[in-house]
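Accompanying notes for the structure given below.
The values are calculated or read from the model by the stated rules, or taken from the named source; none is laboratory data. Small disclaimer: the values here were computed from a predicted structure and weren't measured. Here Cβ is always computed from backbone atoms with ideal geometry, including for glycine, and neighbour counts include all displayed protein chains.
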Amino acid sequence: MKNKNKVREGNPAITVLLYIAAGAMAFITIYPMYYVLILSLSEPQFAATMKVYTWPKGFNLGAYETLVKDAKMWRAYANTFLYVVCNTILVVTTCTLVAYGLSYKNLIGRKFLTMFLLVPMYFSGGMIPHFLLIMKLGLYDSPLSQIIPAAFSIWDIILIRSFFRTIPDSLVDAAKIDGAGVLQVLTNVFLPLGKPIFAVIAVYTIVSTWNSWFNAMVYLPHITWQPLQLHLRRVLVSSSQTISQVMDQAAAREAAAKELSNAQLQYAMIIFTSLPVLAAYPFFQRYFVKGMVLGSLKE
Amino acid sequence: MKKEKVLAVMLAAAMTMGLAACGSGKGTETTTAQTTAASTTAAAAQEEAAAETTAQAEPKEPDVIRILGVDRSGTDTDGRVVYLSDWVNGDSKIWQRLASDLLERGIVLDLDLIAEDQYETVVQTQIAAGLNCDMINLQGVDSKTRLNLVKQGILAPVNQIWENYSQESTKEFYTTGYGSVMLRDRMEDGNVYWLSPLTIGDFDGRVTGSVKGVMIRKDWLNKLNLPVPKTTNELYDALLAFQTNDVNGNGLADEVARAGLGSFNNGVAQFFGLGTDLVCFTDYDSGVLTSPWYMDGVKDYILFMKRLYEAGLLDLAESGNSAKVENRLALFTSWWSETWEEPTVLIPEGADPVVYVGISCDSETGVEPVIPIQDGIQKNSNYQIAVTTQANPEAVGRLLDYLTSEEYSTLTELGIEGYTYEVIDGEKRKILDSDISEVQIMSVLNALWTNNAILPRLEIADRKAGLEPLKENWPDKEEPVRELFENYDQYALTRLSVSDELAVATEDETQRSSDIRADLDTYYSELLTKLIMGQQSMDDWDSYIEDMKDLGLDELIEIYQARYDRTK
Amino acid sequence: MLHRKKTGNGETEVMKKKKYGRGIIKENLQVYALMLPTLLLIFTFCYLPMYGVIIAFQDYVPGAAFLGSDVKWVGLKWFKQFIGGHYFQRLLKNTVTLSILELIFGFTAPILFALLLDQIRHLRYKKFVQTASYMPYFISTVVVAGMVISFTDVNGLITNMLTALGFSRQNWRVNSAAFPWIYTFTNVWKSFGFGSILYCSVISSIDPGLYEAAKLDGANRWQQAWHITLPGIKAVIAIKLITTVGSILSVNSNFILLYYLPATYDVADVIGTYTYRLGILEGQYSYTTAAGVFTSVIAFALTYLANKVSNKLADVGLW
């Protein structure tokens, strides 16, 4: 990428300022993660105060020990991996196909289709009808309930489609003159040129699948196939119960015990559960950091 | 061109077929999958136990009772979270004892255990799809839905079960004994549709509830040579003294009191004779309901809180425990006899150990302070269990015999003698140090199958004996509790939870209460907060009361009163 | 599709005739075959359950049938109750205020950040900054709220900084004037990095030749950003803007629920938090659904409108 030297230098002082600004942004976003990290390493009681700003107070790996020994968490981890892989492949495929269809110039019924896509973005039947549907399809209590209903995303279709719009018609026409049919235009023109947006959609899907728990809460009553976030949420939510509102003495006692042991655990879990996604990011990042795509293909 | 078309169609067809295949293929599988997991293994474990005990007994097949309930958890000393399903599927002795006790009565439990955070959702969806169980934990099922379940004939009247299928002693327990408090939940048709957990507090033969009220840092009072505050003015002075003397020694005037601004359920309001909720009893015995807004002490209470607020003595966070852990929480509301708050406070080397003790202060306004207390026979309205009409009433009748037995109560509260508790001088004491996880859990909690789990609780708490360990280790703490328990009759008490005292609301009452509370709750907690913070003026008092009347306060009180009157 | 809209009726007729020849129909069949699986999924999982909306017009109880003889139809009762409610105006005002702040800051921050990143030539540094910016997105709302509560406490990190800047020391959490800013800043901070990914990807696909040509013409970096980069991402900006305008009645109530106190209800209570509190009360399924339908209808209408305007002004739109 040395050839980029020729690009757009300006006033070096402003360049330095821009670098500093970017650094400042990096700091304010990295610090909270660091903050979570040092809380997770501090003694639980200091972690509970949340007033640990620069360096762990005390040093305690107890939370990580608990996590590593937690067989349920590993199982949940594996489930989430499964869902992420399946959903990413499915979403990118299904959305690309529809976006491609919508970019087809002579599409009949386009107006109807866009309405068809738009309405569900705003109106939903709510939890119970969805549940009854899943039940009827036989997906209840099955891992497929996390995959099939999540195999598409209307918003992603719109994004891919708007990206496809930037692809010049001349390329499509040229391909057609060379004898390419509907499928060849897709595989020879749209797929190679769409890589940056596919990378974005992949990242979006990975992250949203990684963070999703609501569908699992409704469709997976037993822990066998539950994803990581539901497990994480279980730890977090039980700890954020306010003891003062608990009306039963024994329940209050239980909540208090959990509150303390969780003070540190919840931070360790955040570190533990976000690392893989953070690690996966650079892999996709290269597709949209380098200016690699259209430049090679001259109009 | 042809080839592509074929390809495209095939691709599409393959994907839709895949979909359909997943759909239909799973159909048969999930019906069976539902009864797997925790449930089958639970049954299996019990059958194993069954093989031993009933080998030579009568060959009659035990009845299976299928329960949809919560996979309740407890934390052991190592900080490990243990679930009821771990007990059921593992080798928990205490669970095995329950299973074999039940088997003797010809009952096997088939459990569908759902994690606590998920339970409400699962129950609501399963109700929509049609329930498939004999008993169900009603956690998260609102009263409107309950009424509907009754109307649809899905829930079975439990009073008819104990009348027709239980032993005489069980019937007595529910009709004239402690269990009769459950009759408050009679519906309009005269039947009771769920079992509530019971806690019967006993102090020298008198039923006595436990106290949840204001507690103050006794070690700080000692450090400054201050007496325990007896009046609200003394309380104010003490709190101020904590700050001005920097009693925690961290160089900041940050010693604060936590008394939630937005509700009356903060202990301090009770010093002014106010009830704990928006609708409350005028006093414990009269049975007349009103609202704190109509009570004599309310203005003085607000002015007192305002004083505290203006002096910077209040902790404004309503939740979270950083102030307590950081050693700057002077006062808060909790259970007077509990000791789990103190160890979480971080104190500097050499400082006196932390002690929070219960206090009650006189407001010196002519209004007697009240002490918020549980009902001596506490019918907890949170963890109720219902029986469905699918269930074999005869088997449930036998189950009720067991659930009302002392055997069950002891097993649930204390566990197994010599394993989780021992008898010293005729008193049952829990074994506190053990390496075994379930013993550790039983040392602080009751068995995991009660409270919010699968079976109703029956706790008979000896309040007097409960004070003994407190006396040994926390004499300062024990004193106000004993004082209160011994002179129970001389104190004005208020109910901790008013709704526990009421009969089940009818459909109309439920709807009206919800409609009213939708805005009234927001209005009053905001008003209370802003009056205390001085953002709204006390001069406009009458208009606030007028607003609340417009929002339906009086109607709400009437509804509550009607519900209370029905318990008589 | 866009230019077709602009052509007069007569012209389209002519074009149609030419267009819908046999080849076109064949191609259309192929295209629809490709789309079919996804469209079926959408129909199944979005449209089939949509009948659930009708409970907004009933007195629904879980366990009861959606359609049947014993269903109590109440017409627009819940809508009237919601719109005529004591707090409706305040809820609307707060929701719109927070959304507008979100629109001003939350919407622009990722764009500005992407443009800033575009100026960073050092690839490693650029990747580092970008990865860092994406991190807060992974901290759960519960923890974010816990952090903000702690930071804005009387002796918290942010309070200390504000005090150093000359503000009086206070618990910022109960300060009504500060709440919208705390809310907006937290939201922007949590999601600007994640939001910028899309823009970065589109910027990366802009033809470098355009920049070279501009440089030859003597354009400086601002001019290049203004005349090449921004137009290059215009379409995506427009689409984002349209959907953001549409979501003006839906603010992040998860964070607010954890952070607000009765002291800040007057600015922090939004439709989402209000319906949440209703949900805790008993049996308000129909009421909350009605509130949801109300916001959906407004959102849909606004999106439609925004799209129309965008099509007119910028020649881009969702459809």
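Things to note:
- Among the strands (runs of 3 or more DSSP E) confined to the stretch B:329-373, the ones with at least 1 residues that are at the interface with another protein chain (Cβ under 10 Å from one of its Cβ atoms) are located at B:329-335.
- Of all residues in the stretch C:56-84, those satisfying the criterion of being modelled with pLDDT under 85 and within 30 Å of B:TYR524 (Cβ to Cβ) are C:ASP59, C:TYR60, C:VAL61, C:PRO62.
- Matching residues in the stretch A:115-153 - criterion: being of a type in the set (Ser, Thr, Tyr) and in a loop (DSSP other than H, G, I, E, B): A:SER124, A:TYR140, A:SER142, A:SER153
- Residue ID - surrounded by the most Cβ atoms within 10 Å (Cβ to Cβ), chosen from residues in the stretch B:398-421 that are touching a Ser or Thr at 6+ places or on another chain (Cβ under 7 Å) and either under 12 Å from B:ALA156 (Cα atoms) or aliphatic (A, V, I, L, M) (or both): B:LEU400
- Residue check, B:GLY466 away from chain C (no Cβ under 14 Å), surrounded by fewer than 19 Cβ atoms within 10 Å (Cβ to Cβ) and in contact (Cβ under 8 Å) with a residue 24 or more places away in the chain: yes
- Screening C:SER133 on (1) facing chain A (nearest Cβ under 7 Å); (2) surrounded by fewer than 20 Cβ atoms within 10 Å (Cβ to Cβ); (3) within 20 Å of the chain's Cα centre (by Cα) shows it passes everything except condition (2).
- Among the candidates B:ASN487, B:ASN451, B:ASN446, the residue that is over 24 Å from the mean Cα position of the chain (by Cα) and more than 14 Å from chain C (Cβ to nearest Cβ) is uniquely B:ASN487.
- Residue tally, condition among the charged types (D, E, K, R) and under 30 Å from B:GLU483 (Cα atoms), over the stretch B:365-412: 4
- Scan the stretch C:197-248 for residues that are under 17 Å from C:GLY317 (Cβ atoms) and either among the acidic types (Asp, Glu) or free of Cβ contacts under 8 Å to residues at least 60 places away in the same chain (or both) and the total you get is 3.
Yes/no matrix, rows are residues, columns are (1) closer than 23 Å to A:ALA151 by Cβ; (2) away from chain C (no Cβ under 14 Å); (3) surrounded by 16 or more Cβ atoms within 10 Å (Cβ to Cβ):
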position: A:THR29; (1), (2), (3): no, no, yes
position: A:LEU39; (1), (2), (3): no, no, yes
position: A:PRO56; (1), (2), (3): no, yes, yes
position: A:PHE59; (1), (2), (3): no, yes, no
position: A:GLY62; (1), (2), (3): no, yes, yes
position: A:TYR83; (1), (2), (3): yes, yes, yes
position: A:THR88; (1), (2), (3): yes, yes, yes
position: A:CYS95; (1), (2), (3): yes, no, yes
position: A:LEU102; (1), (2), (3): yes, no, yes
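- Test: residue in the stretch C:185-197 that is away from chain A (no Cβ under 11 Å) and in a helix (DSSP H, G or I): yes
- Every condition in (1) in a helix (DSSP H, G or I); (2) within 18 Å of B:LEU98 (Cα to Cα) holds for B:ALA453 except the one numbered (1).
- Looking only at the stretch B:117-138, and only at residues there that are assigned to a helix (DSSP H, G or I) and more than 7 Å from chain A (Cβ to nearest Cβ), the one that is farthest from B:LEU149 (Cα to Cα): B:TYR119
- Considering residues of the stretch C:94-133 that are outside any helix (DSSP H, G or I) and modelled with pLDDT under 85 only, the residue nearest to C:ILE242 (Cα to Cα): C:ILE120
- Filter result for A:ILE148 (more than 9 Å from chain C (Cβ to nearest Cβ) and under 26 Å from the mean Cα position of the chain (by Cα)): no
- When C:HIS122 is tested against (1) surrounded by 21 or more Cβ atoms within 10 Å (Cβ to Cβ); (2) more than 7 Å from chain A (Cβ to nearest Cβ), only condition (1) is not met.
- Which numbered condition C:THR264 fails, given (1) in contact with a Leu (Cβ under 9 Å, 6 or more places away or on another chain); (2) crowded, with 18+ Cβ neighbours inside 10 Å: (1)
- Wholly within the stretch C:265-315, helices (runs of 4 or more DSSP H) carrying at least 3 residues that are closer than 21 Å to C:TYR60 by Cα and small (Gly, Ala, Ser): C:285-313
- Per the conditions (1) assigned by TED's automatic domain parsing to the domain that holds C:ALA235; (2) assigned to a loop (DSSP other than H, G, I, E, B), the sole criterion not satisfied by C:LEU318 is (1).
- Of the residues making up the stretch C:134-158, those that are farther than 18 Å from C:LEU261 by Cα and at pLDDT 80 or above are C:TYR134, C:MET135, C:PRO136, C:TYR137, C:LEU157, C:ILE158.
- Filter pass, C:GLY52 being within 7 Å of chain A (Cβ to nearest Cβ) and in contact with a helix residue (DSSP H, G or I) (Cβ under 6 Å, 6 or more places away or on another chain): yes
- Screening B:ASN250, B:ASN245, B:ASN266 for residues that are farther than 19 Å from B:TRP335 by Cα, within 14 Å of chain C (Cβ to nearest Cβ) and either over 21 Å from the mean Cα position of the chain (by Cα) or in contact (Cβ under 8 Å) with a residue 24 or more places away in the chain (or both) leaves exactly one candidate, B:ASN250.
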